[in-house]
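Peer 1: The structure follows.
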Amino acid sequence: MSTVGTNITVTRTLSGGAATDVSCVDDTIDLGYLGAGRFNVTWDDNVGLTTRRATFTFSVGAPATGYTGDFVDVVPPALPDRPVRLEVDSCFTNPAVAYASGNDIYVSEYQGPKTSCRLSVLDLGVLPAGTYNVTWGVPGVGVRFMVQQPGPTSPCTGRSTITPMPGGAARLHFEDPYPGYTPTFGLPTVTQIDDWPSMFTVVQPVADTAKSFVPGAPPSSPICHAEELNLEPLSDGYHQVWWWYHVNAGGSESYTNAFPFSFLSQNGTVQCSSDPGVLLTPSAVEGAPVKLAVNFLYLYLGWQWTTAVHVEGHTITVDIGTFFEGPSDSLPSCQTYQANVAPLPAGEYTVVWRFDRDRQIITTPLTIVKPTRQRAAHH
């Protein structure tokens, strides 16, 4: 065995057996004390006149400071052109070690006698874009995360959406009125994917002059920003996106989250979401009643509703009152709320939907056109 920097070379000579024999020969090599870092192993087996070579990479954790608990976390941002790092909480003497093979990463932290818990960082090196599976401790305990280059920050449109992508993936357009002062948003990362319930956890660094969510903070303004991220191919059913802001202000760090974005998916297409989608008749024509509808995800099937419409000038206000009448253990479902508006003159209108339960307000434009004139038939 020889070691040069972070490159470890092992040569083993094997003898015996026939050319057609297949056998597994285990060996253990004591590498001694290794400092934190990423190491490349080249293992050569000399069998007769041939040499068989295997290579793999492992990472030894570097000490870090911060919160300790039972977790393995991704350190944002996880980009395909930068080293990807994991935070590992270990309660054992030996440092955590990670082994990477393709899209599977195994973290070993249960070695040596127990000691006080400590935080360490594992440098996995540059990983291609994709979804990675992290396992630690015992089989079946793990998490998935994504390495990707987020899309450019996009303008706010008034709602978050999910768009199917080629190959089955889904594109998330997420927007949120962040309550702050002069924030600078970093790149978001999908740090955790849970299967049941289906949940995507996203962490986005934010640098600001102060924290608006602590007691005594000065009044803040909602600052809308929109981000574009890829998600895994969506299974049928209910999904949630939890968006966490890692806020750095005044030299201290803390986390605050946006309101969760949830949606129902069927055959890769979103049926409805917690950001209502407004549905209009194909055309709104002067002199004819206008039918308005909004599609919304509610967590229970038992919600009933009433609608009141008020028109003032070119503003149409639709108040939706909801009340509960049904079992509380029902599955999430899509609910369509409808409103009928009396005939209006042609022109540009603004429709304001107000939901009393969530105090949510949605504003959408509406154009009413003059009816098309038809020529009399000639005989």
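Peer 1: Explain nothing, just compute: Karplus ³J(HN,Hα) = 6.51 cos²θ - 1.76 cosθ + 1.60, θ = phi - 60°, for every residue of the stretch 166-176 in order, whole Hz, x for Gly and Pro.
Peer 2: So the J values, rounded to whole Hz, are x, x, x, 6, 10, 9, 9, 9, 10, 9, 7.
Peer 1: Any idea what the dipole of the stretch 171-283 comes to, in debye rounded to 20, about its Cα centre with Lys/Arg Cβ at +1 and Asp/Glu Cβ at -1? Please report the intermediate quantities before stating the final value.
Peer 2: Details: 2 positive and 11 negative charges, 51 e Å.
So the magnitude is around 240 debye.
Peer 1: Can you tell me the Rg and Dmax of the stretch 137-272, counting just the alpha carbons, in angstroms?
Peer 2: For the stretch 137-272, the Cα radius of gyration and maximum Cα-Cα distance read 16.0, 49 Å.
Peer 1: Apply the Karplus parameterisation 6.51 cos²θ - 1.76 cosθ + 1.60, with θ equal to phi minus 60°, to every residue of the stretch 309-317 and state each ³J(HN,Hα) to the nearest whole Hz, in sequence, with x for glycine and proline.
Peer 2: 10, 9, 10, 9, x, 10, 10, 10, 9
Peer 1: Across the stretch 221-231, in residue order, what do the Karplus-derived ³J(HN,Hα) couplings come to in whole Hz, using 6.51 cos²θ - 1.76 cosθ + 1.60 with θ = phi - 60° and x for Gly and Pro?
Peer 2: Karplus values, whole Hz, x for Gly and Pro: 10, x, 10, 7, 9, 10, 10, 10, 9, 8, 10.
Peer 1: Under 5 Å between amide H atoms, partner at least 5 residues away or on a different chain: which partners does residue 160 have, H built in plane at 1.01 Å?
Peer 2: 175
Peer 1: Residue 257's amide H: which non-local residues (gap 5+, or another chain) put their own amide H closer than 5 Å, with H modeled 1.01 Å from N in plane and none for Pro or chain starts?
Peer 2: 245
Laboratory data are not the source of any read-out in this text; all were calculated from the coordinates shown. What you are looking at is a predicted structure, and each value in this text was computed from that prediction instead of being measured. Every residue, glycine among them, receives a Cβ derived from its backbone with ideal geometry; neighbour counts consider all protein chains shown.
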